[in-house]
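Input: a single structure, listed below in structure tokens.
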Amino acid sequence: MGTDSRAAGALLARASTLHLQTGNLLNWGRLRKKCPSTHSEELRDCIQKTLNEWSSQISPDLIREFPDVLECTVSHAVEKINPDEREEMKVSAKLFIVGSNSSSSTRNAVDMACSVLGVAQLDSVIIASPPIEDGVNLSLEHLQPYWEELQNLVQSKKIVAIGTSDLDKTQLEQLYQWAQVKPNSNQVNLASCCVMPPDLTAFAKQFDIQLLTHNDPKELLSEASFQEALQESIPDIRAHEWVPLWLLRYSVIVKSRGIIKSKGYILQAKRKGS
């Protein structure tokens, strides 16, 4: 583990970008020893195990190259969708903006998800509310740059339908009136409200917006928890230099049976000052 960690540390010290993908978690087998109790625990577990697995398989060629962009993955878990089965599958994703104020993160995340899964298009992408300062209420202005990028992706046929998360009736109405491509769904966290707010329900019904439920925490991945996972997996690293930009969670469901065929995480992080 020491040598593995040193090699991984050396690569991360020279790279500027890290792309981490777990592959299909259903293929992990021996890597999944325990059942995490929360989404945050599952994610942190996945990040650490992916880093451990990747660092144990670093080739001498990679060390000689010192690439600027590191692709960190669990190779045996990577699973592309068979083109012959694509019509039978629903590919959905939820995008969490973590440390980036760049709307191009949205396109990067969708492009990478399509590449990882071997598809030309995602059926549905929901964007979690972007991070804002404490004490500031989420406004249309916060959402607009990300939504504009999602609209472009719908128009270029990279995504079929786009949705939001945790918007109240006023926020959803403002977005709906402004947007060219309307949200087709809005997720509501049942931890914050046991019953759907009646005004939100009425508005969604009037404009044919699906109201879905979720149980993601307000902050699925913080900068600090990512750095801790990095430090624990690769001790020979200046983890504080690395900032996660975005995280995408995807699932592939067999439409006719409602069975999850594949699910996983993709993450992009950047080294500060690089």
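The values are calculated or read from the model by the stated rules, or taken from the named source; none is laboratory data. Quantities reported herein were computed from a predicted structural model and do not represent experimental measurements. Here the Cβ positions follow ideal geometry from the backbone for every residue, glycine too, while neighbour counts run over all protein chains shown. The area values use the complete protein model at the heavy-atom level, side chains included, leaving out ligands, DNA and RNA. Shrake-Rupley method; radii C 1.70, N 1.55, O 1.52, S 1.80 Å.
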What are the pairs, 6+ residues apart or on separate chains, where a residue within the range 183-211 that is at positive phi has its Cβ under 8 Å from a residue that is part of a loop (DSSP other than H, G, I, E, B) and modelled with pLDDT of 95 or more?
ASP208/ASN184
Set ILE253, ILE266, ILE259: member being more than 21 Å from LYS49 (Cβ to Cβ), among the aliphatic types (A, V, I, L, M) and surrounded by 15 or more Cβ atoms within 10 Å (Cβ to Cβ)
ILE253
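One line per residue, one yes/no per condition, for (1) farther than 15 Å from SER233 by Cα; (2) modelled with pLDDT under 90; (3) open to solvent by less than 30 Å² (accessible area, probe 1.4 Å); (4) outside any helix (DSSP H, G or I):
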{"residue": "ARG30", "(1), (2), (3), (4)": "yes, yes, no, no"}
{"residue": "SER37", "(1), (2), (3), (4)": "yes, yes, no, yes"}
{"residue": "GLU42", "(1), (2), (3), (4)": "yes, yes, yes, no"}
{"residue": "LYS49", "(1), (2), (3), (4)": "no, no, no, no"}
{"residue": "ASN52", "(1), (2), (3), (4)": "no, no, no, no"}
{"residue": "ILE63", "(1), (2), (3), (4)": "yes, yes, no, no"}
{"residue": "CYS72", "(1), (2), (3), (4)": "no, no, yes, yes"}
Assess whether VAL154 counts as being open to solvent by less than 60 Å² (accessible area, probe 1.4 Å) and β-branched (Val, Ile, Thr).
yes
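Find the residue count for the range 111-125, including only residues that are β-branched (Val, Ile, Thr) and open to solvent by less than 10 Å² (accessible area, probe 1.4 Å).
Of the residues in the range 111-125, the ones β-branched (Val, Ile, Thr) are 116, 119, 125.
Imposing the further condition that a residue be open to solvent by less than 10 Å² (accessible area, probe 1.4 Å) reduces the set to 125.
Counting residues in the range 111-125 that are β-branched (Val, Ile, Thr) and open to solvent by less than 10 Å² (accessible area, probe 1.4 Å) gives 1.
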Starting from residues that are open to solvent by 50 Å² or more (accessible area, probe 1.4 Å) and within 19 Å of the chain's Cα centre (by Cα), keep the ones in the range 159-179 and report whichever is farthest from ALA202 (Cα to Cα).
VAL160
